[in-house]
Each structure stands twice: as structure tokens, then as C-alpha cells.
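Structure record follows, encoded as C-alpha cells.
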Amino acid sequence: MMRAAVVGADGTIGVKRVHDPTPAEGQLLLRVSACGICGSDLKARSAMPRGTVMGHEFSGEVVAVGPGGIGGWHEGMRAAVLPVFSCGCCSWCTAGEVAHCASARLIGLGGGSGGFAELAVTSSDLSFALPEDLPETHGALVEPFAVGLHTARIAGISHGDSVLVVGAGPVGLTTARWAKELGAKNIVVSDPVAARRELSDQFGATAVVDPKRDELGHEYDVVIDCVGKPGLLDTCIGAAATKGRVVIAGVCAEPDPFLPIIALLKELTVAFSVYYLPHEFEQVIDAFASGSVDPGPLLNGSVPLEALDAAFQSVAASEVAGKILVDPRR
């Protein structure tokens with residue numbers, strides 16, 4: 001029986017003993033070494049059925065390989081996880097868009113037990129081997145950096161672009177870092193929390209803005225919403241240059257009316273970004289291994305399973321700059 005952080009009937013999370021999972025054909029069983037707390041976890045928790053084990057930003061050590069395992073997996077290897085179970089054969093899957101598979105099940109978000117537990121089952125073909133010398137905590141940061149990479153690619157960021165990133169949570173920070181990698185000239189990051197603005201400097205920001213006090217500016221080639229709150233779509237449209245691109249990466253579950261004529265007159269491209277592709281996980285791991293991208297500054301400590309509920313509250317209150325990891329082994 002393993003320990004897991006389980007969603008209760010009232011939405012709170014408590015640690016319980018549950019049965020160890022068993023990997024099926026084409027699956028791996030990982031002993032979780034670290035799992036990040038994501039902003040989408042906060043928004044999804046109330047919708048999760050009782051008994052759900054959340055957590056989708058995780059990595060761990062392979063302790064068992066299911067029948068028919070592929071990819072040369074064996075016990076003792078370390079893996080980062082693209083947290084989806086998919087059919088593997090539809091047009092979406094063959095294109096790498098596994099999150100859009102009609103039968104996709106999202107690990108840690110109701111489609112399979114996640115990483116806030118000692119053990120977790122993953123798809124062997126959507127798990128990615130980690131270099132032996134990569135720090136253990138960095139494995140759990142592959143997923144959030146893949147989110148940022150996917151967002152930057154959806155935005156079409158290229159050399160010389162002027163970019164505004166709204167929100168300096170992990171999605172905003174990792175997006176800013178990839179904007180720098182892709183050659184953006186100016187990267188302005190907006191966030192009302194001073195600690196997050198300060199941290200932005202380590203992720204490529206050339207300037208920071210306090211939206212409570214400062215003007216965001218105008219004429220950005222690319223504007224990216226990494227918050228997900230009503231009103232921000234209009235804000236992003238207003239900040240974009242004519243023929244600019246606006247990308248929504250923040251999860252907003254409420255109506256967000258906006259004035260289309262401004263976007264129309266500017267002939268803006270408005271796009272949305274969610275999840276990632278397998279090759280983006282590979283690119284992130286390569287960047288970590290080569291040192292071209294240092295994920296370390298994103299880390300803001302580690303807590304045991306028993307502290308998960310309190311950590312959720314801290315993240316929800318915007319008291320945290322960077323990423324809190326949960327270590328189920330503690």
C-alpha cells in the first residue's frame with residue numbers, strides 16, 4: 001500500500017494509504033521523486049471526483065515495466081512524464097498531438113492517478129529518459145518548461161520580436177525564457193507581485209511592469225496571457241501592434257467579453273495554447289542537459305505529501321514565486 005494525496009469529498013486533500021498501481025501493457029511504474037504544483041491544479045481541484053490523486057508535473061525512477069514495454073525501458077532508469085494516456089494510432093497521436101486524441105486521459109487531472117503519490121503509472125512511449133547527471137528535481141521541471149516552449153512556438157516568436165508576457169508564474173517565466181532562446185529582442189514581463197517580477201530577470205526579461213502602477217505599453221509584436229482572468233484578452237489586444245499576435249495560455253474558466261473591432265482594425269492573429277508535443281519534451285531535456293537552459297531558478301523549495309494542501313493555499317494566494325515541488329518520499 002502506497003501513500004498518496006487524495007482529494008476528499010469537500011475538495012480538501014489528505015494523505016491516505018491506497019493500493020499500489022500495476023503497469024499494464026506499454027506502461028511504466030515510476031517511484032515519484034518530485035511533482036510540481038501547477039496553477040491549473042488549483043482551478044481543477046474543485047471539479048475532481050472524490051478519491052482523485054492529482055499531480056501532472058512529475059518525474060521518477062522506473063521500478064517496473066509492463067508487458068510489451070517499448071523504448072528500451074528497464075528498472076532504475078529515470079523518466080520525465082508527458083502526462084497523457086492516448087490511443088497512439090489516431091491522426092492526432094501520429095502527429096504528436098496526443099492531448100487532442102479523442103480517447104486521451106489526462107494523468108493527474110481525473111484520467112489517471114497522478115504524481116502526488118509514491119508511485120504512478122505512465123505511458124512508456126510518452127515517458128522520456130533523463131540523463132544520469134541531471135539533478136533529480138529538474139526532472140519535474142521538464143513539463144512546465146515544455147508548456148513554455150509550446151506557448152512560445154504557438155506565438156511564432158522569432159529573432160528581433162518585441163514580446164509582452166502577462167503573468168510571471170511558472171508558465172509566464174518559462175515562456176519568457178524560451179522567447180529569449182528564440183531570439184526575441186525585448187521581453188517585458190508584467191506581474192503585480194514584486195518577488196515574481198524580480199525572478200523574471202533570470203528568465204530573460206529585459207524589463208518588468210507592475211500592472212497596478214505602470215502602463216503595459218503598446219506595439220508589441222507578440223502578447224501572451226499566462227494568467228487566465230476575465231479582462232485580460234482585451235488588455236492583450238490593446239497592447240499588441242498592428243498585425244501582431246496574441247496568445248492565450250492562461251486557463252480562464254469564466255466568460256471574458258472583449259471588443260472585437262480593435263483586434264479587427266489591427267488585423268491581429270489570436271491563438272490559444274495548451275499542453276505540448278513529445279518532441280518538445282525531448283528538446284527541453286536536451287536544453288537542460290547541454291546547459292543552454294538552466295531550470296534551477298524556477299525552484300522554490302520542496303514539501304512532503306502532508307504539506308500539499310497548505311502549499312496549494314500558498315500558491316493560490318500568490319505568495320510563491322517559482323515552483324513548489326512535492327517529494328512523496330519524505
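The values are calculated or read from the model by the stated rules, or taken from the named source; none is laboratory data. The shown structure was predicted, so the numbers you read here are calculated from the model rather than taken from an experiment. Neighbour counts are summed over all protein chains in view; Cβ atoms, including those assigned to glycine, are modelled from backbone coordinates with ideal geometry. In case anyone asks, the SASA skips ligands and DNA or RNA and just uses the protein heavy atoms, side chains included. Shrake-Rupley method; radii C 1.70, N 1.55, O 1.52, S 1.80 Å.
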Is at least one residue of the range 267-279 of a type in the set (S, T, N, Q) and either in a strand (DSSP E or B) or in contact with a strand residue (DSSP E or B) (Cβ under 7 Å, 6 or more places away or on another chain) (or both)?
yes
Subset of the range 45-83, residues open to solvent by 20 Å² or more (accessible area, probe 1.4 Å), under 18 Å from GLU25 (Cβ atoms) and in a strand (DSSP E or B), comes to VAL63, ALA64, VAL65
Just checking, does the range 110-120 include any residue being modelled with pLDDT under 95, open to solvent by 40 Å² or more (accessible area, probe 1.4 Å) and not acidic (Asp, Glu)?
yes
Please work out which residue is nearest to the chain's Cα centre (by Cα), limiting yourself to the range 266-282 and to residues that are open to solvent by 40 Å² or more (accessible area, probe 1.4 Å) and farther than 17 Å from PHE58 by Cα.
VAL274
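Tell me yes or no: at least one residue of the range 26-44 is in contact (Cβ under 8 Å) with a residue 40 or more places away in the chain, part of a helix (DSSP H, G or I) and in contact with a strand residue (DSSP E or B) (Cβ under 8 Å, 6 or more places away or on another chain).
Step one: filter the range 26-44 for residues in contact (Cβ under 8 Å) with a residue 40 or more places away in the chain, giving 26-44.
From the residues that got through so far, the ones that are part of a helix (DSSP H, G or I) too are 39-44.
When the remaining residues are screened for being in contact with a strand residue (DSSP E or B) (Cβ under 8 Å, 6 or more places away or on another chain), the result is none.
No, the range 26-44 contains no residue that is in contact (Cβ under 8 Å) with a residue 40 or more places away in the chain, part of a helix (DSSP H, G or I) and in contact with a strand residue (DSSP E or B) (Cβ under 8 Å, 6 or more places away or on another chain).
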Please name all residue pairs, on different chains or six or more residues apart, with Cβ atoms under 8 Å, provided the first residue is in the range 240-262 and is within 26 Å of PRO170 (Cα to Cα) and the second residue is at pLDDT below 90 and open to solvent by less than 80 Å² (accessible area, probe 1.4 Å).
VAL251/GLY39; VAL251/SER40
Reported set for the range 114-156 where residues are of a type in the set (Gly, Ala, Ser) and assigned to a helix (DSSP H, G or I) is SER124, GLY139, ALA140, ALA146, GLY148, ALA152
For the range 257-265, check the following and say yes or no: at least one residue is open to solvent by 20 Å² or more (accessible area, probe 1.4 Å) and either in a strand (DSSP E or B) or among the charged types (D, E, K, R) (or both).
no
Which residue out of ALA129, ALA104 is open to solvent by 20 Å² or more (accessible area, probe 1.4 Å), more than 22 Å from VAL293 (Cβ to Cβ) and among the small types (Gly, Ala, Ser)?
ALA104
Count of residues meeting criterion [assigned to a loop (DSSP other than H, G, I, E, B) and either modelled with pLDDT of 95 or more or closer than 14 Å to ARG329 by Cα (or both)] in the range 2-23
5
Positions within the range 84-99 being among the aliphatic types (A, V, I, L, M) and surrounded by 14 or more Cβ atoms within 10 Å (Cβ to Cβ), in sequence order
VAL84, VAL98, ALA99
Under the condition of being among the acidic types (Asp, Glu) and under 19 Å from VAL53 (Cβ atoms), which residue from the range 291-324 is modelled with the highest pLDDT?
GLU306
For the range 174-252, which strands (runs of 3 or more DSSP E) that fit wholly inside it have 3 or more residues that are open to solvent by 30 Å² or more (accessible area, probe 1.4 Å)?
240-248
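For the range 288-303, name all the residues that are hydroxyl-bearing (Ser, Thr, Tyr), exposed (fewer than 13 other Cβ atoms within 10 Å of the Cβ) and not in a loop (DSSP other than H, G, I, E, B). Outline the logic, then answer.
Filtering the range 288-303 for residues hydroxyl-bearing (Ser, Thr, Tyr) gives 290, 292, 302.
Filter once more, so that each one left must be exposed (fewer than 13 other Cβ atoms within 10 Å of the Cβ): 290, 292.
Within the range 288-303, SER290 is the sole residue that qualifies.
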Subset of the range 5-17 that is over 14 Å from GLY112 (Cα atoms) and among the hydrophobic types (A, V, I, L, M, F, W, C) - its residue that is most open to solvent (accessible area, probe 1.4 Å)
ALA9
